[in-house]
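Step one of this worksheet: look at the structure below.
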Amino acid sequence: MSILVIAEHDNGSLKDETLNTVTAAVQIGGNVDLLIAGENCNAVAEQAAKISGVNRVLVADHAVYAHQLAENISLLVSELAVDYSHVLAPATTNGKNFMPRVAATLDVSQISEITAVVSADTFKRPIYAGNAIATVQSTDKVKVITVRATGFDAAVCDGSATIESLDKATDAGLSSFVKEELAQSDRPGLTSAKVIISGGRGMGNSSNFSLLEQVADKLGAAVGASRAAVDAGYAPNDMQVGQTGKIVAPDLYIAVGISGAIQHLAGMKDSKVIVAINKDEEAPIFQVADFGLVDDLFDAVPELANSL
Amino acid sequence: MKVLVAVKRVIDYNIKVRVKSDQSGVDLANVKMAMNPFCEIAVEEAVRLKEKGVADEVIVVSIGPKVAQEQIRTAMALGADRGILVETDEPLESLAIAKLLTKVVEVEQPGLVILGKQSIDADNNQTGQMLGALAGMSQGTFASEINVSENSVEVTREIDGGLQTLSLNLPAIITTDLRLNEPRYASLPNIMKAKRKPLDVKTPADFGVNVISGLKTLLVESPQERSAGVLVGSVSELVEKLKNEAKVI
Ligand SMILES: Cc1cc2nc3c(=O)[nH]c(=O)nc-3n(C[C@H](O)[C@H](O)[C@H](O)COP(=O)(O)OP(=O)(O)OC[C@H]3O[C@@H](n4cnc5c(N)ncnc54)[C@H](O)[C@@H]3O)c2cc1C
């Protein structure tokens, strides 16, 4: 067996989800190669060569891959895929964007967001917002898989893979990049943070999110949000945790003014310890919380910030 | 320009599913079904394009059992002009759905195809992208804003780090995210009108599509349930427990 893992990166540095995806590949077993498609992405290749378990780092460095356009990346990956038994990518918005195109081009199914490897052809994945776990088996010649990072530990970085550059660049000519507005933050990212404090509709407005930031500063935490808080404009979309936002599993998740809808729980219920702060003792979030505090958040959160 | 919208019949989003005791799947008997929420957003966007004069016809297609006609009628009550049901009782994988949609695209030649980014039952997030590959079309997934011009469409996408804007050649595939629009409710007169709109029924065999899948579901289990913990009386008790009991801060 040989497995191709597609790295997640921003041309400057490797994203953590890549490490969890490599672990999934190692669990499947066999030779693991890593593809880095981007532009001026040498630094990423150097970083990736250190991931234990990776045999070769393949680099496709060209302007057509600069912005990870799905039409272009999927052509490259499906061309390379014929030499592999499995192709894996992190289930990030980027992986979700191009991988189904790879699968369709190869005329195979995709197995989305696996959380466990049962064997080389059998995997577990959550369905119905995580309210059921399906075990699925694939008989396809190439198994195209996206990997949910929270299901796998990060691979360690004490390896030394060889780096090979690929002389490939195909522009599908279907789409072009216009612009990007990326959140700038000194805080850890939601998907890699050990502690997350999230706010919901109960926060009332966007400036009240600074109350959460004060706690986050003390704990080195990331700040997240419910869909209701994002829809209301209290927080940007990249902060949404849930079935259709980010899936997180930190050591500590603090839900503030969040009721605990199925779709929100789907994104955080695998956290190690859950704390809920809500003034409504009937709120469903308390059914999954290890520690619940029934209180007005405008009293409790400042007090929490002061006592840390 | 024609706009094609694909919709799926799924369990109502308010319902928490139960796994069957024989672990063969989830129990859908006597459960409320509805249009997938992301598909509703897709229908709404198409109807708005028609209201703006960008689209001249909105066609809605669903692939599923006979009762999926309900969801097609709902879409027509929201403003779609006509419907197509590709009727099958087999639960199909995304790849088979994408192949069938490719055939519909060949027949209808739409300028835009709008789909939900994922269905809330299988949570696959695949069909639109697969259709893009099979039909050789550009794609703008997880859209929160679209602006159509003569030969292209500009799509703002919700991505992990924030927002990204792409320009796509037409014809293009769009998949909807939650913030693209807020779907309207169907009025009673429009629900009545929708009953008289044309609805064509086809089968996968009519399109000559092989719907066999390389995936087999072996087992469906309940997830490990979390049990409720304790209520604490004060912030200081909470901090003490997080430090000394849970040891997470
Ligand atoms: C297709 C679909 C996908 C979805 N995806 C997601 C998703 O990915 N993520 C997500 O989060 N949601 C998602 N949702 C939405 C979800 O169903 C809920 O609507 C949403 O999670 C509710 O957010 P909330 O808990 O912040 O708001 P509410 O349900 O309104 O809860 C607010 C809570 O704040 C409490 N509160 C108010 N004021 C105070 C105060 N002063 N002090 C303390 N507590 C207070 C209230 O008691 C209440 O419990 C999705 C829905 C659909 C249909």
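Antiparallel versus total DSSP beta bridges in the protein assembly as shown: what percent is that, nearest 5?
Numbers: 40 of 117 bridges.
Of those bridges, close to 35 percent are antiparallel.
With N denoting the number of residues in segment A:77-177, provide Rg(C-alpha) divided by 2.2 N^0.38 Å, to two decimal places. Intermediate results must be reported in sequence, preceding the final value.
Numbers: Rg = 15.2 Å, N = 101, 2.2 N^0.38 = 12.7 Å.
Scaled against compact globular proteins, the figure is 1.20.
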Original post:
What does the convex hull of the alpha-carbon atoms of the protein assembly as shown project to on average, in nm²?
Top reply: 24.7
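Using 0.36 nm per residue of separation minus the Cα-Cα distance, give me the extension gain between A:Ala232 and A:Asp10 in nm, one decimal. The partial results should precede the final answer.
Numbers: separation 222, 0.36 × 222 = 79.92 nm, distance 2.93 nm.
Full extension of this stretch gives 77.0 nm more.
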Original post:
Once you average over the residues of B:134-141, how many Cβ atoms of partner chains fall within 10 Å of each Cβ?
Top reply: 5
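Filter the trypsin sites (Lys or Arg not before Pro) in segment B:47-147 down to the DSSP loop ones having no more than 10 other Cβ atoms within 10 Å, then list what survives.
On the way: sites: B:Arg48, B:Lys50, B:Lys52, B:Lys66, B:Arg73, B:Arg82, B:Lys99, B:Lys103, B:Lys117; in loops: B:Lys52, B:Lys117.
Passing both the DSSP loop test and the Cβ count: B:Lys52.
What translational diffusion coefficient, to the nearest whole µm²/s, does segment A:24-89 have by Stokes-Einstein, given a Kirkwood radius computed over alpha-carbon pairs, a temperature of 4 °C and 1.567 mPa s viscosity? Mind dumping the intermediate values first?
Numbers: Rh = 12.6 Å.
D = 103 µm²/s.
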Original post:
Got a sec? Which residues in segment B:223-249 would a label at A:Lys218 touch, if it sits 7 Å along Cα→Cβ and we count backbone N under 13 Å?
Top reply: B:235-243, B:249
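With +1 assigned to the C-beta of every Lys and Arg and -1 to the C-beta of every Asp and Glu, and no other charges, what is the dipole magnitude of segment A:144-286 about the Cα centre in debye, to the nearest 20? Before the final figure, lay out the partial values.
Details: 12 positive and 17 negative charges, 70 e Å.
For this selection, approximately 340 debye.
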**OP:** Please work out the C-alpha center-to-center distance from segment B:1-20 to segment A:191-215 and express it in whole Å.
**Re:** 31
**OP:** Could I have the simple spin-label model distance between A:Ser192 and A:Arg56, label points 7 Å from Cα toward Cβ, reported in nm to one decimal?
**Re:** 2.8
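Using 1/(1 + (r/R0)^6) with R0 = 30 angstrom and r between the beta carbons of A:Glu39 and B:Glu150, what's the FRET efficiency to the nearest 0.05?
0.55
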**OP:** Would you mind computing, in nm to one decimal, how far apart the modelled labels at A:Asp83 and B:Ser234 are, each placed 7 Å from Cα along Cα→Cβ?
**Re:** 6.6
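Using a Förster distance of 51 Å, how high is the FRET efficiency between A:Met1 and A:Arg201, based on the Cβ-Cβ distance and rounded to 0.05? Provide the component values of the computation, followed by the final result.
On the way: r = 48 Å, r/R0 = 0.94.
In this case the efficiency is close to 0.60.
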Original post:
Any idea which of A:Ala129, A:Thr115, A:Gly151 is furthest toward the positive side of the dipole for segment A:77-230, if Lys and Arg beta-carbons carry +1 and Asp and Glu beta-carbons -1?
Top reply: A:Ala129
**OP:** Mind putting a number on the dipole of the protein assembly as shown about its Cα centre? Charges go on the C-beta only, +1 for Lys and Arg and -1 for Asp and Glu, and I need it in Debye to the nearest 20.
**Re:** 1280
Subject >> Coarse-grained scattering of segment B:53-152 at q = 0.20, 0.23 Å⁻¹, given as base-10 log I(q)/I(0) from a Debye sum over alpha-carbon atoms >> reply: -1.23, -1.60
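Restricting to bridges with both residues inside segment B:2-244, how much of the DSSP beta-bridge set is antiparallel, in percent to the nearest 5?
Numbers: 17 of 45 bridges.
DSSP beta bridges in segment B:2-244 are roughly 40 percent antiparallel.
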Subject >> Computed helical MRE - 222 nm, chain A, DSSP H runs ≥ 4 contributing -39500 (n - 2.57), nearest 500 >> reply: -7500 deg cm²/dmol
Original post:
How compact and how long is chain A, expressed as Rg and Dmax of its alpha-carbon atoms in Å?
Top reply: 20.4, 61
Original post:
So for segment A:2-165, what percent of the C-alpha to C-alpha distances run longer than 28 Å?
Top reply: 13
Original post:
Assuming R0 = 51 Å, what is the FRET efficiency of B:Val107 and A:Ser307, from their Cβ-Cβ distance, to the nearest 0.05?
Top reply: 0.20
**OP:** Grab the DSSP H runs of chain B that are 4 residues or longer, score each as -39,500 (n - 2.57), total them, divide by all residues and round the 222 nm result to the nearest 500 deg cm²/dmol.
**Re:** -7000 deg cm²/dmol
Original post:
Given the C-alpha centroids of segment B:111-189 and segment A:225-254, what is the distance between them in whole angstrom?
Top reply: 21
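Say a site is exposed when it is one of the trypsin sites (Lys or Arg not before Pro), sits in a DSSP loop, and has at most 15 other Cβ atoms within 10 Å; what is then the longest site-free stretch of chain A?
Working: sites that count: A:Lys141, A:Lys194, A:Lys272, A:Lys279.
Free of exposed loop sites, the longest segment is A:1-140.
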Original post:
Given charges of +1 on the Cβ of Lys and Arg and -1 on the Cβ of Asp and Glu, with all other atoms neutral, how large is the dipole of chain A about its Cα centre, in debye to the nearest 20?
Top reply: 540
**OP:** Give, as ranges by residue number, the residues of segment B:68-93 whose backbone N falls under 17 Å from the point 7 Å along Cα→Cβ of B:Asp22.
**Re:** B:91
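So which trypsin sites (Lys or Arg not before Pro) in segment B:137-213 end up in coil per DSSP with only 13 or fewer other C-beta atoms within 10 Å? Before the final figure, lay out the partial values.
On the way: sites: B:Arg157, B:Arg179, B:Arg184, B:Lys193, B:Lys195, B:Arg196, B:Lys202; in loops: B:Arg179, B:Arg184, B:Lys195, B:Arg196.
Here the trypsin sites (Lys or Arg not before Pro) that fit, given the DSSP loop and packing criteria, are B:Lys195, B:Arg196.
The numbers here are math on the coordinates, done by the rules we state, and not lab data. A quick note: this is a predicted structure, and the numbers were derived from the prediction, not measured. Using ideal geometry, Cβ is built from the backbone for each residue, glycine included, and neighbour counts are taken over all protein chains shown.
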